[in-house]
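Working notes for the structure below.
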Amino acid sequence: MKTKALQFIFFSLLLATAGLPAAQQDRDEPIVYADHKKISEDSLRAYGNVEVIWQDYIIYADVIEFNLKTRELFAEGRVTMSAKDMVLSGEKLNFNLKTKSGELVDTYGLITPFVRYETGRLIQTDLKTLTFQRLNFTSCTQIFPRWKITSRRGKIIKEKYIEMHDVLFRVKNIPVFYLPYLRYPIQKDGRATGLLFPNIGNSSLRGFFFQNALFLAVKPNIDMTFGLDYFANLGIGVSDELRYLFRNTSGSARFYYLKYRKDNGVYNDSASDYYVEADHKQTLPFLNSRLLLNVNLQSRPGFLRLFDNSFDRNLSTNFQSSLAWTMSFSNINISLSASRRETYYNFLDSSRIIEYLPALAFNLNQQKLGKLPGYFSLGVDYQRVRRSGVVYEEEPLFVNDFRSQRLTVTPAYQLPLLKLPWLNCSLNLLAKNTLYAKSLDPASKKIVDEPLYMKYQTATLSLQGPIFFRIFNSGHSKLKHVIEPGFEFRYATKADNRDRLVPVDYFDYPSYSYAGFSLTSRLLTKGGDSNASSSEMLSYTIAQEYYFDAAEANLFRKIKGEYPRFSELSNRLRFQPVANISFDATLAYNYYIHGPTRLNLRASYDRQGAPLTGSLSYNIYRNPYTATNYYFNRSVIRGVINLDFPKFPLKLRTGVDYDLTAKEFRYGSINASFDYQCLVFSTECKVFSYLGRSEFQFRFGLSLGNLGMVSDFFGDK
């Protein structure tokens, strides 16, 4: 009952303190209200419903005595003292208004956010610090708390943290573990420097592991997390995560370093590995410019494949780092950048790397030229490109270990021919002029120091429409069926001297002529309310192109000995009968292999607060330029289920991935959290079996109140 009464008093006093006028809170002389007062030359005695207001403090008691000379206040009998976000209750209070120090006997306290504690003697040494010899505290709101912490000695730094020594953690009054030192945050935002609760677990690959971390709240806009991981089979890992936010700058940086055990049986080719990830965005105070930095580097790609616990990131084989400086003036954009992109092939443990060191771009966006119709735009690019590593059979012909330099000037002109609500037509003219520093000698097939100038022009006619629609009345709602055809024709001139070109990326391949057609059908629904907005229930698009330049369109790759004249028949369907349920399907059918190259089917249900959500997908990929047994030709089924019943403490998340081509299970996970009101238990089981990695993993962690647990550096984000 005392706890409930104290909570009620806390809210009442919080409102009362907030309502005090500023001038009254800053007074040096206390204001005393009581049923009876006795004033002498040196002292004031008040009794009967006493209330004392002084600066940020409000004190209630049965009796108080105040020394007017020494400014010492003594209170007893149901003493309650509040100051900002803290309320104290006890039997006797000695408090010096001059030094703002004092002592409260048999103390019960409340601190936002809902931390309550009790101690036999609480001493305030200064305005911000309270000390104690023995303290019991919890952040549970129940009369009989689920957990509590007992400390032999320590101090409370107001609005920051509780520092404790000789700490015993109890669940249902049963001792669970002992800590020599603990710092518990009591800031409103929960951000305070201190150790996080560790994660423990076991892995068939890494053995038993223990993960701990120290969180540093450097400033309100800067924090760091230092991690220390122990893996019984592999070694020791250390990590550092930095986050920052300033007025014109924001970003994050993450670093991980692993020191391997000798003869660990997993990887012995090097003594250590590292991983670096960073993202930085900064608005510079000159030239209306921005600085963008993105880093994704590792000592070797296989390291992340070994350690990453995010299955989706493991499926990605691209690692890119870049630095860019961008400027904009009116409709002119200028950028200077450098980038490195690595594509890793796990099944051969090899990579392909493309570097742009540097790349300079100048772009004049669409600009009117006097009274002329249409819009003019201009692009100027300089790039220094180098490709290295492996080349695979599905790729066009590229030259490795060669640094290409090229300057490209691309003027363009767009002329709107027709602009109606149901019909749009435009003509786009473009001329691409590229100067290369080196070229290929057609006779000797060697790269020579002779410049190469290549050019071609394109004219593209685009027609959207005519758009047809019909509205159907269905009870209190309306349905609108819309049909949107689209036509596009592009003519491209042939590029001269193409036999002298040294191609290093897709930019070096010229454009081609084609005619394309698409047809989109939409079904929109709208409620009976005139103010209701319409939503798309169904959409379907089918599209295909015919190549006049079949060789260029296929990047000089053949299917069964010929260059396909027709593109793949592309189909895209989306059905959303209600707001939170959707069905998506995409199909690309290739006539020349008589089958699909891509098929993606996905059904999902996602509604905030729903007890059951999830998705199921089926995917097929087939590269038409390779053999049927090409490694990346796969069919996969994936599913995710989330269980989160309102007011039920248990939450579950499961995921599974099965390779139908190889007929093997690739990935499975079960994440469970049990919220025992103010005590949260989390556990996770994962199974990896793909790309040479076979592992079963289990981890466990807990959090209580404002004390969070360690997050897995390589876990799901």
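The values are calculated or read from the model by the stated rules, or taken from the named source; none is laboratory data. Nothing here was measured: the structure is a model prediction, and the numbers come from that model. For neighbour counting, all protein chains shown are included, and Cβ atoms are generated from backbone atoms with ideal geometry for every residue, glycine included.
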Pairs returned, first residue in region 139-156 that is within 18 Å of Ile186 (Cα to Cα) and among the polar types (S, T, N, Q), second residue that is assigned to a strand (DSSP E or B) and at pLDDT 75 or above, beta-carbon separation under 6 angstrom, 6 or more apart or interchain, are Ser139/Val115; Thr150/Asn136; Thr150/Leu168; Ser151/Leu135; Ser151/Met164; Ser151/Val167
When restricted to Asp657, Asp644, Asp712, the only residue at pLDDT below 85 and under 26 Å from the mean Cα position of the chain (by Cα) is Asp712
Say whether the condition of being in contact with a Lys or Arg (Cβ under 6 Å, 6 or more places away or on another chain) and either farther than 30 Å from Pro510 by Cβ or in contact (Cβ under 8 Å) with a residue 60 or more places away in the chain (or both) is met by at least one residue in region 566-581. yes
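In region 72-91, which residues are crowded, with 16+ Cβ neighbours inside 10 Å and either without any contact (Cβ under 8 Å) to a residue 40 or more places away in the chain or aliphatic (A, V, I, L, M) (or both)?
Of region 72-91, the ones crowded, with 16+ Cβ neighbours inside 10 Å are 72-76, 79-83, 85-90.
Within region 72-91, Glu72, Leu73, Phe74, Ala75, Glu76, Val79, Met81, Ala83, Met86, Val87, Leu88, Gly90 meet the criteria.
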Of the conditions (1) buried (at least 17 other Cβ atoms within 10 Å of the Cβ); (2) modelled with pLDDT of 90 or more; (3) in contact with a Lys or Arg (Cβ under 6 Å, 6 or more places away or on another chain); (4) not aromatic (Phe, Trp, Tyr), the single one that Leu440 does not satisfy is (2)
Exactly one of Thr626, Thr597, Thr613 is at negative phi, at pLDDT below 95, part of a loop (DSSP other than H, G, I, E, B) and out of contact with any Gly (no Cβ under 7 Å at 6 or more places or on another chain), and that residue is Thr626
The number of residues in region 479-512 that are small (Gly, Ala, Ser) and either part of a strand (DSSP E or B) or modelled with pLDDT of 95 or more (or both) is 2
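Table: residues versus (1) surrounded by 15 or more Cβ atoms within 10 Å (Cβ to Cβ); (2) among the aromatic types (Phe, Trp, Tyr); (3) in contact with a Lys or Arg (Cβ under 8 Å, 6 or more places away or on another chain); (4) over 20 Å from Gln464 (Cα atoms).
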site: Leu501; (1), (2), (3), (4): yes, no, no, yes
site: Tyr514; (1), (2), (3), (4): yes, yes, yes, no
site: Thr525; (1), (2), (3), (4): yes, no, yes, yes
site: Met537; (1), (2), (3), (4): yes, no, no, yes
Residues in region 539-562 that are of a type outside the set (Phe, Trp, Tyr), surrounded by fewer than 16 Cβ atoms within 10 Å (Cβ to Cβ) and not in a loop (DSSP other than H, G, I, E, B) total 4
Has region 460-474 got any residue that is assigned to a strand (DSSP E or B) and over 30 Å from Ser535 (Cβ atoms)? yes
Exactly one of Leu427, Leu435 is closer than 26 Å to Phe556 by Cβ and not in a loop (DSSP other than H, G, I, E, B), and that residue is Leu435
Cβ pairs under 6 Å, 6+ apart or interchain, first in region 159-182 and without any contact (Cβ under 8 Å) to a residue 60 or more places away in the chain, second loosely packed, with under 11 Cβ neighbours inside 10 Å, ordered by first then second residue, are Leu168/Pro175; Leu168/Tyr178; Phe169/Phe177
